[in-house]
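Engineer: I'd like to ask some things about the structure below.
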Amino acid sequence: MIPAIPGIAGAWSLRRTLLVVLLGLTFTLWGFSAIIVYLEAGRESQELFDQSLAETGHLLLALAEHEVQEHGVSAALVIPVAQNRNHRQYLLFQVWDTQRRLLYKNAGAPDQAFAAPAEIGYSWRSNAGGQWRIYTSWNHSGKLQIQVAEPASHRQEISSRFALKLLAIGLPMAAMAALAIWWSINRVFRALRRCADEVALRTPDDLANVSVRGAPMEVQPLLQAINRLFVRVRQTREQEQRFTADAAHELRTPLAAIKTNLQVLQRARSDAQRSESVTGLGLSVDRATRLVGQLLTLSRLDPQSQPSPELPVLDLAVVLAEQLPAWMAQAQRQELLLQADLATAPCRLQQDHVLILARNLMDNAMRYTPAGGTLALSCRSEADGVLLCVSDTGPGIAEHLRERVFERFFRAAGAHQPGSGLGLSIVRRIAETHGASVQLDAGPDGTGLVVTLRFPAPR
């Protein structure tokens with residue numbers, strides 16, 4: 001199980017919320033629907049009962065009219081009713097003439113009229129036995145009147161039976177729907193709990209992908225995003241481990257040189273030996289300082305960062321022109337000729353990073369170009385982007401090594417100039433964060449090296 005995380009304010013349960021909302025909505029809709037069905041069925045049944053009461057009354061009135069015409073009636077005639085069913089509980093009738101004489105009635109009907117002679121149609125009456133529904137009508141000649149009475153308890157009994165049947169059918173269906181909702185929600189959250197348990201039980205070194213098998217389709221994008229994050233974390237961790245190992249390895253050389261020079265300095269017997277040791281010590285310290293600076297620069301470049309569309313649009317020529325006097329002076333000290341051709345080239349730049357990139361390219365070119373050589377720095381704007389070129393007349397790089405030189409700490413065999421092997425790695429990483437490409441080529445006559453960077457045009 002996943003341990004509870006303390007200090008989470010306002011935490012709430014998605015499963016509990018879904019269960020409460022869906023179950024509450026299910027039973028509310030079922031109850032509301034049941035009430036509507038019951039009321040509508042009651043209204044329809046009242047209409048059917050009233051229609052049946054009226055048809056029965058007209059049928060009895062026609063029979064009574066026929067009997068009076070054929071035989072006449074001198075006293076009230078009670079019509080017997082079969083005893084296999086007590087109809088007196090459900091339907092009573094009376095037939096009256098214009099003189100208010102009771103001509104016919106069925107067993108159980110009283111001698112008093114159910115309703116006043118002037119009342120025609122439907123009405124309600126109350127007596128000691130409860131509510132009665134009355135229907136009153138005259139024949140066509142207006143000589144006979146029929147009054148039919150039905151107890152309201154009969155209708156209520158039928159409505160009660162209907163309500164019981166509705167509950168007997170509806171409640172199990174609502175319970176099944178609630179069970180299905182509970183099962184579905186728990187099945188979804190079981191898959192989430194399984195994934196959470198799988199991640200919680202892992203060690204810090206276990207960054208394998210989370211299994212998406214059995215997870216709902218709606219949850220799979222979240223799990224896939226977590227897996228992509230794990231991939232990036234793995235890559236970053238591997239790069240950091242390699243970086244740490246390589247840095248430790250590379251730092252051994254200048255540190256060993258510093259230690260050696262200190263030992264020689266301690267054992268020096270003459271000023272010349274001490275001066276030589278101090279010079280060597282200074283060179284070793286400079287190399288270590290440069291290496292540490294390059295390492296810090298590389299560590300600040302996020303290996304997972306992407307080109308940002310929010311970088312400001314700057315003129316690359318203006319950015320490079322600020323550093324041009326320092327590069328001219330350095331080239332002059334090393335007896336090199338530096339040619340610059342900086343045309344307006346607006347593009348999206350992170351100025352500090354682009355200056356680091358340019359300094360690394362120019363430093364490499366000056367260190368590997370022998371005295372009397374020529375360097376060229378240029379930039380210009382083209383239709384599909386901005387070009388930055390740095391070329392030299394040094395030994396160049398063999399074609400089969402031009403991709404490997406971008407690896408950290410890689411130095412081609414035979415490279416006698418001091419260096420860390422990080423310069424071009426930093427150049428490529430900065431270029432990637434700007435969405436730029438880097439290409440290495442030989443010079444026009446097959447010698448030297450031409451480094452070309454193409455930055456995307458600003459949109």
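What follows draws every value from the coordinates through simple rules; no lab data is involved. Every value quoted in this text rests on a predicted model; they were computed, and no experiment measured them. All Cβ positions, glycine included, derive from the backbone under ideal geometry; neighbour counts span all protein chains shown.
Engineer: Evaluate the Kirkwood expression for the hydrodynamic radius of the stretch 310-459, namely the inverse of the mean inverse distance over all pairs of different C-alpha atoms, and round to one decimal in Å.
Structural biologist: Numbers: mean 1/r = 0.0642 Å⁻¹.
For the stretch 310-459, inverting the mean 1/r across all distinct Cα pairs yields 15.6 Å.
Engineer: Oh, and also: If you line up the Cα atoms of the stretch 28-161 on their principal axes, what length do they span on each, largest first, in Å?
Structural biologist: Sorted from largest, the Cα extents of the stretch 28-161 read 63, 32, 25 Å.
Engineer: Which GluC sites (Glu not before Pro) from the stretch 180-243 combine a DSSP loop assignment with at most 16 other Cβ atoms within 10 Å?
Structural biologist: Details: sites: Glu198, Glu218, Glu238, Glu240; in loops: Glu218.
Qualifying residues, ordered by number: Glu218.
Engineer: Ok, one more. Cα convex hull of the stretch 344-390: how many Å³ per residue? Don't jump to the answer; show the numbers that get you there.
Structural biologist: On the way: hull volume 3.7 nm³, N = 47.
Each residue corresponds to 79 Å³ of Cα convex hull volume.
Engineer: Turning to a different aspect of this structure: About the Cα centre of the stretch 28-161, what is the dipole size in debye to 20, counting +1 per Lys and Arg Cβ and -1 per Asp and Glu Cβ, all else neutral?
Structural biologist: Details: 11 positive and 13 negative charges, 72 e Å.
Rounded to the nearest 20 debye, it is 340 debye.
Engineer: Give me, ordered by chain and number, the residues 5 or more places off Gly385 or on other chains with an amide H under 5 Å from its own placed amide H.
Structural biologist: Ala457
Engineer: Give the cross-link partners of Lys165 among the aspartates and glutamates, using a straight C-alpha distance below 13 Å as the criterion and excluding same-chain residues fewer than 8 apart.
Structural biologist: Leaving aside aspartates and glutamates fewer than 8 places away in the same chain, those within reach of Lys165 are Glu157.
Engineer: In whole Hz, with x marking every Gly and Pro, tabulate ³J(HN,Hα) for the stretch 367-380 from phi via Karplus 6.51 cos²θ - 1.76 cosθ + 1.60, θ = phi - 60°.
Structural biologist: Coupling constants for the stretch 367-380: 6, 9, 9, x, 4, x, x, 10, 10, 9, 10, 8, 8, 7 Hz.
Engineer: Treat each spin label as a single point 7 Å out from the Cα along the C-beta direction, and report the Met173 to Trp138 distance in nm.
Structural biologist: Taking the two extended label points, one gets 5.0 nm.
Engineer: Something else about it: Could you tell me the ratio Rg/Rh of the stretch 11-59? Both radii from Cα atoms, Rh via Kirkwood. Mind showing how you got there, number by number?
Structural biologist: Working: Rg = 21.1 Å, Rh = 14.0 Å.
Checking Rg against Rh, the ratio lands at 1.51.
Engineer: Extending each Cα 7 Å along its Cβ direction at Gln69 and Val37, get the distance between those two points in nm, one decimal.
Structural biologist: In this crude label model, Gln69 to Val37 measures out at 4.9 nm.
Engineer: Then there's this: I'd like the FRET efficiency for Val450 and Val219, computed as 1/(1 + (r/R0)^6) with the beta carbon distance as r and R0 of 56 Å, rounded to 0.05. Intermediate values should be presented prior to the final figure.
Structural biologist: Values: r = 52 Å, r/R0 = 0.93.
Computed FRET efficiency for Val450 and Val219: 0.60.
Engineer: Return the lysines within reach of Lys105: Cα separation strictly under 17 angstrom, same-chain partners fewer than 8 residues apart disregarded; answer none if there are no such residues.
Structural biologist: Straight-line reach from Lys105, under 17 Å: Lys143.
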